[in-house]
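Trainee: What follows is a structure written as structure tokens; I'll ask about it next.
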Amino acid sequence: MNTSYWHPYQYDLKFHLGEFTVACTPINVQRRVYTLEEIRDHIDIPEFPPLTGDQQGYLLANVPTPEGKPNLPDSGQYLQYCLKSYQRCYIDMTSNFDQYKAKFSGKSRSGINRKIRKFGEETQGLDFRSYRTPEEIKHFFELAQPVSAASYQERLLDCGLPRSPDYISAAIAAAGRDEVRAFLLFANGNPISYLYCPIENKVLNYAYLGYLPDFSKFSPGTVLQWLAMEQLFAEEKFTAFDFTEGDSDHKRFFSTHQTPCSLWLLLKPTIKNRMLVASHRSIGRSTNLIIQLLDKLSLKQKIKLWIRRTV
């Protein structure tokens with residue numbers, strides 16, 4: 001089994017108003033990120049290591065919670081703060097692409113094919129390219145980084161494609177071990193959408209996806225994901241495509257399986273940490289109330305699209 005381990009980590013606790021990050025507080029913790037195998041097997045939480053130096057607690061990511069809450073230490077010992085709960089989505093790739101397609105309704109398959117056809121008609125032909133060798137991955141980053149810089153994923157969510165030389169060097173080295181797959185979608189000869197997937201123990205990880213906002217009406221993320229999956233299934237090398245932490249309409253639509261998971265922060269019960277958790281929870285609740293109101297007024301999606309195109 002691919003087993004996770006505790007490791008020192010600086011976690012940035014971000015304060016959001018909708019899709020905007022308004023503040024960020026770094027916290028030194030011990031972190032453990034459950035692997036997809038552990039999630040599928042519902043592995044229980046192991047013993048917690050001792051804290052050292054200025055570490056304030058523990059961060060448990062992708063904790064499988066089929067019954068609603070993991071088996072955490074006594075609440076009097078640490079502040080238990082659930083940062084989010086979500087469905088961990090993944091695609092079982094032990095079958096073939098035809099069997100994968102069968103999981104979609106006829107209407108959904110027709111809709112995907114229509115989007116692919118429309119994208120090709122509007123962009124002078126369907127231009128989809130894959131990258132996997134060290135030289136190709138180097139070229140991929142050169143082409144994809146300008147797209148990432150303009151995408152809402154980087155501008156609003158701070159999760160654009162990394163630019164650091166160390167990260168790119170590590171990606172090129174991983175490509176030399178055949179541990180990377182990357183894809184680009186072009187329009188009129190220019191890259192407009194990217195997907196980057198590291199590979200670990202035959203599992204593809206959905207690390208980075210982004211696209212130019214001007215092309216959002218052509219569903220580039222959907223087109224790129226579908227074309228990439230067709231090619232990845234054809235390799236017959238992988239056991240799963242892991243959409244990693246968090247869920248979204250995109251992840252739920254393409255996944256074959258979903259497992260309840262959560263992200264937990266366990267902090268020392270100091271006054272400072274209590275104030276930090278209370279303020280973060282309060283801002284989160286206020287934001288959720290505003291989002292619920294906008295949703296009732298049928299304004300949520302319109303405002304979200306406007307923000308992504310203009311900010």
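Trainee: Averaged over all directions, how much area does the convex hull of the C-alpha atoms of the stretch 11-61 cover when projected, in nm²?
Mentor: Dividing the Cα hull surface by four gives the mean projection, 4.9 nm².
Trainee: So, by mean Cβ neighbours within 10 angstrom, what's the order for 205-211, 100-106 with the highest one leading? Spell out each step's value before the answer.
Mentor: Details: 205-211: 21.9, 100-106: 12.6.
My ranking of the peptides, most packed first, is 205-211, 100-106.
Trainee: Quick check: the angle from helix 220-235's long axis to the longest principal axis of the chain, C-alpha only, nearest 10 degrees?
Mentor: Helix 220-235 sits at roughly 80 degrees to that axis.
Trainee: Label the stretch 21-149 by shape, choosing from rounded, prolate and oblate, from the square roots a ≥ b ≥ c of the eigenvalues of the Cα gyration tensor; if a/c is under 1.5 it is rounded, and otherwise prolate applies when a/b is larger than b/c, oblate when it is not.
Mentor: On the way: a/c = 2.56, a/b = 1.73, b/c = 1.48.
Here the stretch 21-149 falls in the prolate category.
Trainee: Can you list residues from other chains, or at least 5 along the same chain, whose modelled amide H is less than 5 Å from the amide H of Ala240?
Mentor: Residues meeting the amide H criterion: Met93, Leu204.
Trainee: Just grab the label-to-label distance for Lys14 and Asp54, each label 7 Å out from Cα along the Cβ direction, in nm (one decimal).
Mentor: Taking the two extended label points, one gets 2.2 nm.
Trainee: If each of Ser130 and Arg281 carries a label point 7 Å out from its Cα toward its Cβ, how far apart are those two points in nm?
Mentor: 4.8 nm
Trainee: Based on the Cβ-Cβ distance from Ala170 to Arg109, what FRET efficiency comes out when R0 is 41 Å, to the nearest 0.05?
Mentor: The formula returns an efficiency of 0.65 here.
Trainee: Further question: With N set to the number of residues, divide the alpha-carbon radius of gyration of the stretch 191-276 by 2.2 N^0.38 Å and report two decimals. The partial results should precede the final answer.
Mentor: On the way: Rg = 17.4 Å, N = 86, 2.2 N^0.38 = 12.0 Å.
Rounded to two decimals, the normalised Rg is 1.45.
Trainee: May I pose another question? Under a point-charge model restricted to the Cβ atoms of Lys and Arg (+1) and Asp and Glu (-1), what is the dipole moment magnitude of the chain relative to its Cα centre, in debye to the nearest 20?
Mentor: Values: 38 positive and 33 negative charges, 267 e Å.
Charge dipole, the chain, about its Cα centre: 1280 debye, nearest 20.
Trainee: Something else now. Suppose a student asked you for the relative contact order of the chain, using Cα pairs under 8 Å spaced at least 6 residues apart; what percent would you report? The partial results should precede the final answer.
Mentor: On the way: 514 pairs, mean separation 81.4, N = 311.
Result for the chain is 26 percent.
Trainee: Quick one: 3J(HN,Hα) in Hz for the stretch 30-47, Karplus 6.51/-1.76/1.60 with θ = phi - 60°, rounded, Gly and Pro as x.
Mentor: 9, 10, 9, 10, 5, 7, 4, 4, 5, 5, 5, 8, 6, 5, 6, 6, x, 5
Trainee: Among Gly120, Tyr81, Ser216, which residue has its Cα furthest toward the positive end of the charge dipole of the chain, with +1 on Lys/Arg Cβ and -1 on Asp/Glu Cβ?
Mentor: Ser216
Trainee: Further question on the same structure: Which value, in Å to one decimal place, does the Kirkwood hydrodynamic radius take for the stretch 96-238 when every pair of different Cα atoms is included? If you can, show how the numbers build up before the last one.
Mentor: Details: mean 1/r = 0.0637 Å⁻¹.
About 15.7 Å for the stretch 96-238.
Trainee: Any chance you could give the angle, 0 to 90 degrees and rounded to 10, that helix 106-122 forms with the longest Cα principal axis of the chain?
Mentor: 60 degrees
Trainee: OK, next. Student exercise: in the stretch 96-238, how many lysine pairs 8 or more apart or on different chains have Cα atoms under 28 Å apart?
Mentor: Value for the stretch 96-238: 19.
Trainee: Return the sequence-ordered ³J(HN,Hα) values of the stretch 261-272 in whole Hz as given by the Karplus equation 6.51 cos²θ - 1.76 cosθ + 1.60 applied to θ = phi - 60°, using x for Gly and Pro.
Mentor: So the J values, rounded to whole Hz, are 9, 8, 10, 10, 10, 10, 10, 4, x, 7, 4, 4.
Trainee: Which distance in nm do the two modelled labels at Glu47 and Thr239 give, with both placed 7 Å along the Cα-to-Cβ direction?
Mentor: Output for this residue pair reads 2.8 nm.
Trainee: Order 129-137, 88-96 from most to least packed using the mean count of other Cβ atoms within 10 Å. Write down the numbers at each step before the final one.
Mentor: Numbers: 129-137: 16.4, 88-96: 18.9.
Ranking, from highest mean packing down: 88-96, 129-137.
Trainee: List the relative contact order of the stretch 96-238 as a percent without decimals, with contacts defined as Cα pairs under 8 Å and 6+ residues apart. Each step should come with its number before you reach the end.
Mentor: Numbers: 209 pairs, mean separation 39.2, N = 143.
The value is 27 percent.
Trainee: While we're looking at this one, here's another question. Using the Karplus curve 6.51 cos²θ - 1.76 cosθ + 1.60 with θ = phi - 60°, what ³J(HN,Hα) values do you get for each residue of the stretch 79-94, in whole Hz, with x for Gly and Pro?
Mentor: 6, 9, 10, 7, 6, 6, 10, 7, 8, 6, 9, 8, 10, 6, 10, 7
Trainee: Calculate how steeply helix 134-150 sits against the longest principal axis of the alpha-carbon atoms of the chain, using the helix alpha-carbon long axis, and give the answer as 0 to 90 degrees to the nearest 10.
Mentor: Roughly 70 degrees, rounded to the nearest 10.
Read-outs: derived from the displayed coordinates by stated rules, not from any lab. What you see is a predicted model, and the numbers here were worked out from it, not measured in a lab. Don't worry about glycine lacking a Cβ; one is built from the backbone with ideal geometry, like all the others, and counts go over all protein chains shown.
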